[in-house]
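These notes are about the structure you will find just below.
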Amino acid sequence: MNGEIIPAAAEIDAFQVATRDLVGVAVRSLDLLEGQVSLPQFRLLVVLEELGTSPSSRVARALGLGASSVTRLGDRLEASGHIVRGPDPHSRSVVTLELTPAGRELVAQVMQWRRAELSRILSRLPAGARAELAAGLRRFHDAVGREYAGDLHGPVPL
C-alpha cells in the first residue's frame, strides 16, 4: 500500500466518536431556531452568509440542490423576512438572494452559541491538550481537503 500505515481500529473509533460529538453540538445549536426555519433553510442562510449576495443558481450549486429546491426554500425564507430577492445588474433573467438583518442575526446567534458551547466543553481540558487537539484537527482538515465536505448534498448541519 505504498508504504502507508493503516490506522488502528481504536484510532478510527476515536474519530467516529468525535464525529458524533461534533455533529451533536451542531444539531443542538439548531434548537435556537425554535422552528423559525428548517435545517435546509438554515443551510441556505449559512451559505448566503459565506457567499454574500449571490445568484440563486450559485446558491443551488453550493448546497448541492436543484434550482427549484432553492426557489422553494427562498420562498419560505423571503416570507419569514430572512432573505430578499433582487435582480442581477448584469442579467435580468438572474435572481439574486441576500440575507436580511434578521437572517444575519439568526446565523450569528447559532454560530455564537456553537462557539460558546465548544469553549465550555474545551475548558474541561488542560491548555496543552487543547492546543494538541487543535493542531491535530487542523492536520486532519488538511488531509481531508476543503472540497470533501463541500461536495455533500442534502441537509448537513453546517
Name the residue that is surrounded by the most Cβ atoms within 10 Å (Cβ to Cβ), counting only residues in region 17-37 that are in contact (Cβ under 8 Å) with a residue 60 or more places away in the chain and not in a helix (DSSP H, G or I). Val37
Does Thr53 satisfy the criteria of being among the hydroxyl-bearing types (Ser, Thr, Tyr), touching a strand residue (DSSP E or B) at 6+ places or on another chain (Cβ under 9 Å), surrounded by fewer than 18 Cβ atoms within 10 Å (Cβ to Cβ) and in contact (Cβ under 8 Å) with a residue 40 or more places away in the chain? yes
Ala67 passes all but one of (1) more than 25 Å from Glu147 (Cβ to Cβ); (2) more than 18 Å from the chain's Cα centre (by Cα); (3) without any contact (Cβ under 8 Å) to a residue 12 or more places away in the chain; which number fails? (1)
Name the single residue that is nearest to the chain's Cα centre (by Cα) among those in region 83-103 being part of a strand (DSSP E or B) and over 11 Å from Pro55 (Cα atoms). Leu99
Counting only residues that are among the β-branched types (Val, Ile, Thr) and either under 16 Å from Arg115 (Cβ atoms) or surrounded by 10 or more Cβ atoms within 10 Å (Cβ to Cβ) (or both), region 1-16 contains a total of 1
Hey, among the residues in region 85-134 that are hydroxyl-bearing (Ser, Thr, Tyr) and closer than 30 Å to Ala60 by Cα, which one's surrounded by the most Cβ atoms within 10 Å (Cβ to Cβ)? Thr96
Which condition does Arg120 not pass, out of (1) in contact with an Asp or Glu (Cβ under 8 Å, 6 or more places away or on another chain); (2) over 30 Å from Gly81 (Cβ atoms), if it passes all the others? (1)
Give Glu49, Glu11, Glu4, Glu34 a once-over and let me know the one that is at pLDDT below 90 and within 28 Å of Arg120 (Cβ to Cβ). Glu34
Among residues belonging to region 72-82 that are closer than 16 Å to Ser54 by Cα and touching a helix residue (DSSP H, G or I) at 6+ places or on another chain (Cβ under 7 Å), point out the one that is surrounded by the most Cβ atoms within 10 Å (Cβ to Cβ). Leu77
Just name the residue that is nearest to the chain's Cα centre (by Cα) out of those in region 38-60 that are polar (S, T, N, Q) and part of a helix (DSSP H, G or I). Gln41
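The values are calculated or read from the model by the stated rules, or taken from the named source; none is laboratory data. From a predicted model like this one, the values you see are computed outputs, not experimental measurements. Cβ sites come from the backbone with ideal geometry, for glycine too, and all protein chains shown count toward neighbours.
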